[in-house]
Structures are given as structure tokens and as C-alpha cells.
1. For R94, all conditions in the list (1) away from the ligand (no atom under 14 Å from the Cβ); (2) touching a Phe, Trp or Tyr at 6+ places or on another chain (Cβ under 9 Å); (3) open to solvent by less than 50 Å² (accessible area, probe 1.4 Å) hold save one; what is the number of the exception?
2. So in region 50-74, with the set limited to residues that are open to solvent by 20 Å² or more (accessible area, probe 1.4 Å), within 15 Å of the ligand (Cβ to nearest atom) and not in a loop (DSSP other than H, G, I, E, B), which one is farthest from M145 (Cα to Cα)?
3. (1) within 12 Å of the ligand (Cβ to nearest atom); (2) more than 23 Å from F149 (Cα to Cα): which one isn't true of A47, the others all being true?
4. Would a scan of region 32-44 turn up a residue that is in a helix (DSSP H, G or I) and within 16 Å of the ligand (Cβ to nearest atom)?
5. Are there any pairs, at least 6 apart or on different chains, whose C-beta atoms fall under 6 Å, with the first in region 1-18 and over 20 Å from F124 (Cα atoms) and the second buried (at least 20 other Cβ atoms within 10 Å of the Cβ) and among the hydroxyl-bearing types (S, T, Y), and if so, which?
6. Tell me, yes or no, whether region 108-127 has at least one residue that is on the phi > 0 side of the Ramachandran plot and either modelled with pLDDT under 95 or small (G, A, S) (or both).
7. Those residues that are open to solvent by 50 Å² or more (accessible area, probe 1.4 Å) and either free of Cβ contacts under 8 Å to residues at least 12 places away in the same chain or out of contact with any strand residue (DSSP E or B) (no Cβ under 9 Å at 6 or more places or on another chain) (or both), I need them from region 24-49; list them, please.
8. Anything in region 1-51 that is closer than 20 Å to G113 by Cα and of a type in the set (V, I, T)? List them, or say none.
Amino acid sequence: MKLAIGADHGGFALKKIIIGFAAGMGHEMIDCGAYRLEPGDDYPDFAGAVARAVQSGQAERGILICGSGVGAGVAANKFEGIRAAVCHDVFSARQGVEDDDMNVLCLGERIIGAGAAMEAVRAFLGTGFSGAERHLRRLNKVRAMEKEFFKQ
Ligand code: RB5
């Protein structure tokens, strides 16, 4: 799968680990930065880059890492078609895709260790949207909200 990944200074070290991990699983990684550790950088810049890559179809899914995962997720969800969430456990990372069609996984380097992060990534990448009628109905309600409230 083609994956866009981005991180601010708070997620910089974990990004390197996750790139190696996902590439080792055969995924093609598009690194949206940060390309060097810069304590003054801002998570919306990297969230925007990853969200645009997914939105445009350049990447099928995205991974965002900041200190908590929260800021990056909040910013990514400002983009139409992006469904980003912080998942620090395997259950949420898998079910977020299967039920909610989550397309951006957010991680907090200051919260979880590399091992748990890699397992969350494995779960996120190892499944797809179920397409079950009830989940499609809910997804379509989310899409209707985007249509109503997002400005183009
Ligand atoms: C940056 O210090 C930190 O606030 C950021 O990485 C992230 O945790 C925000 O949610």
C-alpha cells in the first residue's frame, strides 16, 4: 500500500521507526516530513501534507505522529474525506478501519512506546473497511456532514 507519513518534532523519532517497520512489511512510504528535528516546527504543516496526499489519492492511507497524536489528528480532520483518529491499541486501530473507514492513523510518541505503536500500525494496515450496510450508512452520514459544513 502507498502510505503518507508525517510528524512534527514530538513524533520525529517514532516516524523513523515506523517508516522502517512499514517499509519492511512491503509498504511504499511517502515521507511528508519533518526531515530534520526542529523543535519549533508545527504539527498542522505535516498533518496538512499527509491529508493532502491521501485526499489526492497519491497515498491510500496516512500515518501522523506528534507528541500526543491529538493535534495532528485535529488538524487532519479539517480536510474533506480525511478520517483521522488517535489509536494507541490494536482493537481501535483495526476497528477504526473496519467500521469507520479511518484513513489516517495518529500516534503520540510521548504516550506509547515503539512496540505498541508498531502493533497499532500493523492492525491499521492489515485490514479494510467492511462495507457492512450499517457502517456504510454511518459513513454516508459523516460524508453528508462534510458536504453540509465544509467550505470548498
Ligand atoms: C508539540 O510540542 C506537541 O504539542 C505536539 O507534538 C502534539 O503533541 C500536539 O498535539
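The values are calculated or read from the model by the stated rules, or taken from the named source; none is laboratory data. Not measured: the values here are computed from a predicted model. Please note: Cβ atoms are built from the backbone with ideal geometry, for glycine as well, and neighbour counts cover all protein chains shown. Only protein heavy atoms, including side chains, enter the accessible area calculation; ligands, DNA and RNA are left aside. Shrake-Rupley method; radii C 1.70, N 1.55, O 1.52, S 1.80 Å.
1. (3) is the only condition that R94 fails.
2. V70
3. Among (1) within 12 Å of the ligand (Cβ to nearest atom); (2) more than 23 Å from F149 (Cα to Cα), the lone unmet condition for A47 is (2).
4. yes
5. The qualifying pairs are D8/Y43.
6. There is no residue in region 108-127 that is on the phi > 0 side of the Ramachandran plot and either modelled with pLDDT under 95 or small (G, A, S) (or both).
7. Those that are open to solvent by 50 Å² or more (accessible area, probe 1.4 Å) and either free of Cβ contacts under 8 Å to residues at least 12 places away in the same chain or out of contact with any strand residue (DSSP E or B) (no Cβ under 9 Å at 6 or more places or on another chain) (or both): G24, M25, G26, Y35, R36, L37, E38, P39, G40, D42, P44.
8. I5, I17, I18, I19
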